[in-house]
Amino acid sequence: MLFYKMASATLRRRLHHGDVDGRKYERYDATDSDTLSEPLLGNSSTDNSRDGYNEERTLEDIWEEERKRQQVHWTLIFSQLIAQWAQWIAKIVFGSGSLFGRFLFLPTFGQTGAGGRLLPPPLSMLQEERLRNIKRRIEIPFDGSRMEHQDALRQLWRLAYPQRELPPLKSELWKEMGWQGTDPSTDFRGGGYISLENLIFFAKTYPESFQRLLHKQDGTRAEWEYPFAVAGINISFMLAQMLDLQSGKPSTVAGIRFMAFLEEDEMAFDNLYCIAFQMMDAQWLAKRASYMEFNDVLKSTRAQLERELALDDVSSIRDLPAFNLLYK
């Protein structure tokens, strides 16, 4: 049991220290492959073994050798099964999160249905309600003519620049926040109103991290940086797709794991957004990217986040290795 915990912690450290582009994680994960594309040793040993074959062996000797080989084979299989069951029980008993919740979640996580899609576990009434709420938020487009949406833009400015005067809703000053034009309402497009809510949540919940990203305070930056606000809109859109939130019920690994988060955290989508934004900036710096490479950085951010969501010992937002990138 202790070894399992230590191994989990080691993996967590490896993901946190320098593994922003997923390369190191892929190296560790390669050991989980069920098959090998080619043998570990060449086929040349086959002929040599035949040369040493003793033709004088009796039929009884051959049967005895085969019996022992089968015995070793089945012993190995049973030992592997016992080890897998021991790990599974350890995850339930010692893993983070409620015992009952993890017991329901683990056995159904890997089941697949027609087309190879995962069969999601049954949702509780609370999960159903919170999922409906997120879907409703995603479907609301940004409308610059609505007073509520205008007020939200003003709130975002005050959170971003608390010491500065609030500009008109159409002003060159909005470009400083990373909007592409003088009118922020023209930049939302497919992002919708939820992307503005995400930015506000980020600024209020993790203000230090928000300010670092807004002012590009970390690392050596490119001469042509990504626009902060527009990048945030893209991240909201990417998350909705990755989590399969526009389907009837999420059936991807990331979507199913997210539904488990939603049981404990009503704001799981917004919290995951903040992590994804911070992770994207870390990817940006690691790749020494510039403006024209933003889409590639966003794709690698999604891939890295999906890897973290698939980790066995992740049962809450705070268990994600990338959560350590955030600090209030």
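The values are calculated or read from the model by the stated rules, or taken from the named source; none is laboratory data. Only a predicted model underlies this, so the values are computations on that prediction, with no experimental measurement involved. Methodologically, a virtual Cβ is constructed for each residue, glycine included, from the backbone with ideal geometry; neighbour enumeration extends over all protein chains shown. All accessible areas refer to the heavy atoms of the entire protein, side chains included, with ligands and DNA or RNA removed. Shrake-Rupley method; radii C 1.70, N 1.55, O 1.52, S 1.80 Å.
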Checklist entry - Which pairs do you get when a residue that is without any contact (Cβ under 8 Å) to a residue 40 or more places away in the chain, found in the range 201-223, comes within reach of a residue that is open to solvent by less than 40 Å² (accessible area, probe 1.4 Å) and assigned to a loop (DSSP other than H, G, I, E, B), reach meaning Cβ atoms under 8 angstrom, with the pair 6+ apart or on two chains? => result K216/E225
Next on the checklist: Quick check on this structure: which one of R164, R189 is surrounded by fewer than 16 Cβ atoms within 10 Å (Cβ to Cβ) and on the phi > 0 side of the Ramachandran plot?
Outcome noted: R189
Checklist outcome for this item: Per the filter on the range 134-159, residues closer than 24 Å to L214 by Cβ and open to solvent by 50 Å² or more (accessible area, probe 1.4 Å) are E148, D151, R154, Q155, R158, L159
Checklist entry - Out of (1) open to solvent by 40 Å² or more (accessible area, probe 1.4 Å); (2) under 21 Å from Q211 (Cα atoms); (3) in a loop (DSSP other than H, G, I, E, B), the odd one out for P122 is which? => result (2)
Item to check | Residues (in contact (Cβ under 8 Å) with a residue 60 or more places away in the chain and surrounded by fewer than 16 Cβ atoms within 10 Å (Cβ to Cβ)) located in the range 304-328 | outcome: D312, N324, Y327, K328
Next on the checklist: Condition check: surrounded by fewer than 21 Cβ atoms within 10 Å (Cβ to Cβ), of a type outside the set (A, V, I, L, M), touching a Phe, Trp or Tyr at 6+ places or on another chain (Cβ under 7 Å) and closer than 21 Å to Q217 by Cα. Does F277 satisfy that?
Outcome noted: no
Next on the checklist: Which pairs turn up if I take residues in the range 127-149 that are farther than 24 Å from P168 by Cα and of a type in the set (S, T, N, Q) and look for partners that are outside any helix (DSSP H, G or I) and open to solvent by 40 Å² or more (accessible area, probe 1.4 Å) with beta carbon separation below 9 Å, at least 6 apart in sequence or on another chain?
Outcome noted: N133/E266
Item to check | Members of the range 206-227 found to be open to solvent by less than 40 Å² (accessible area, probe 1.4 Å) and in a helix (DSSP H, G or I), listed by number | outcome: S209, F210, R212, L213, L214
